[in-house]
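Shown next, in structure tokens, is the structure this report addresses.
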Amino acid sequence: MFNICFSYDMRVTEKPISSYPWYLRPFFWNQKRKYGQVLKPALIWARVPRLFAAIAILYGVLDRKNGPIDPVLRSLITVRVSQINECRFCIDINSAMLAKRTGSMNKVEAIEQWQESELFDNKERVVLEYVEAVTYTDQQVDDDLSQRLHEHFNEDEIVELTGLIAFQNLSSKFNSALDLPAQGFCRLPESADRNNEKSNV
């Protein structure tokens, strides 16, 4: 049911680590220590060092340990946005994080069809509905959905939620446009693999 999909025909090439500015190399060393390898998106963003630094700072703020949004909710957001935007790298790494944070693959496997699953509580379902309303171009956030969000989150938390959704859209669209590959952190859903095969036909 699950396959890992690898393709390294990226539309922009990475450079040798030694060719990047010295002040970016600690980011790469930290990634290698944490993930066992340097992440392809980092190497591509870092072709424009100031842009990479800005993106890294923004991500660090949104995914900080003491943030107001529960880590599992953050992972649900990043996985669902990644699926919608068909970002292979994002699905891979964010699914691995979701599995780590929940202790199983159950929600990873169910999230694409979350409306039909009993694994998600009311708060998670509202968040996933909000994710889709923000991310799909043919949907809008209406007053009813906004009211249901306010039943679970205060206004500062809604700003954080929306910021994370917007950031993940930026990240996943960037990675998808440049065809950045999965790096083997997690099993990819068969549907994502099929979509990728179609795109390579």
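The values are calculated or read from the model by the stated rules, or taken from the named source; none is laboratory data. Quantities reported herein were computed from a predicted structural model and do not represent experimental measurements. In this analysis, Cβ positions are derived from the backbone assuming ideal geometry, glycine residues included, and neighbour counts consider all displayed protein chains.
How many residues are small (Gly, Ala, Ser) and within 17 Å of Ala54 (Cα to Cα) when one looks only at the range 146-168?
2
Identify, by number, the condition in (1) assigned by TED's automatic domain parsing to the domain that holds Phe153; (2) outside any helix (DSSP H, G or I); (3) touching a Phe, Trp or Tyr at 6+ places or on another chain (Cβ under 7 Å) that Val38 doesn't meet.
Single failed check for Val38: (1).
Given the criterion under 26 Å from Val134 (Cβ atoms) and assigned to a helix (DSSP H, G or I), identify the matching residue among Leu24, Leu58.
Within the list Leu24, Leu58, the selection yields Leu58.
Restricting the first residue to the range 128-145 and requiring it to be on the phi < 0 side of the Ramachandran plot, which pairs with a second residue that is part of a helix (DSSP H, G or I) and aromatic (Phe, Trp, Tyr) meet a Cβ separation below 7 Å and a spacing of at least six or different chains?
Leu128/Trp114; Val141/Tyr130; Leu145/Tyr130
Taking the conditions exactly as written (among the acidic types (Asp, Glu), within 25 Å of Lys40 (Cβ to Cβ) and modelled with pLDDT of 95 or more), does Asp92 satisfy them or not?
yes
So that you can scan it fast, the table gives a plain yes or no per residue for (1) outside the structural domain of Ala96 (by TED's automatic domain parsing); (2) part of a loop (DSSP other than H, G, I, E, B); (3) at pLDDT below 95; (4) not charged (D, E, K, R):
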site: Glu132; (1), (2), (3), (4): no, no, no, no
site: Gly163; (1), (2), (3), (4): no, no, no, yes
site: Leu170; (1), (2), (3), (4): no, no, no, yes
site: Asn175; (1), (2), (3), (4): no, no, no, yes
site: Cys186; (1), (2), (3), (4): no, yes, yes, yes
site: Asp193; (1), (2), (3), (4): no, no, yes, no
site: Asn196; (1), (2), (3), (4): no, no, yes, yes
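Say whether the condition of being surrounded by 14 or more Cβ atoms within 10 Å (Cβ to Cβ) and among the hydroxyl-bearing types (Ser, Thr, Tyr) is met by at least one residue in the range 1-19.
Checked against the condition, which is being surrounded by 14 or more Cβ atoms within 10 Å (Cβ to Cβ) and among the hydroxyl-bearing types (Ser, Thr, Tyr), the range 1-19 yields no hits at all.
Hey, does the range 72-88 have a residue that's in the same structural domain as Cys186 (by TED's automatic domain parsing), part of a helix (DSSP H, G or I), among the small types (Gly, Ala, Ser) and modelled with pLDDT of 95 or more?
Among the residues of the range 72-88, at least one is in the same structural domain as Cys186 (by TED's automatic domain parsing), part of a helix (DSSP H, G or I), among the small types (Gly, Ala, Ser) and modelled with pLDDT of 95 or more, which makes the answer yes.
With respect to the numbered conditions (1) in contact (Cβ under 8 Å) with a residue 12 or more places away in the chain; (2) under 16 Å from Leu62 (Cα atoms), which one is the sole condition not fulfilled by Ala182?
(2)
Answer with yes or no whether Ser146 is part of a loop (DSSP other than H, G, I, E, B) and among the small types (Gly, Ala, Ser).
Here the answer is no, as Ser146 does not meet what is asked.
Return the residue satisfying two criteria in turn: it lies in the range 132-168 and is under 17 Å from Ile57 (Cα atoms) and small (Gly, Ala, Ser), and of such residues it is nearest to the chain's Cα centre (by Cα).
Taking the candidates together, the pick is Ala166.
Could you give every pair whose Cβ atoms fall below 7 Å, whose first residue belongs to the range 90-112 and is assigned to a helix (DSSP H, G or I), and whose second residue is among the basic types (Lys, Arg), counting only separations of at least 6 or pairs across chains?
So the pair list comes out as Leu98/Lys107; Ile111/Arg80.
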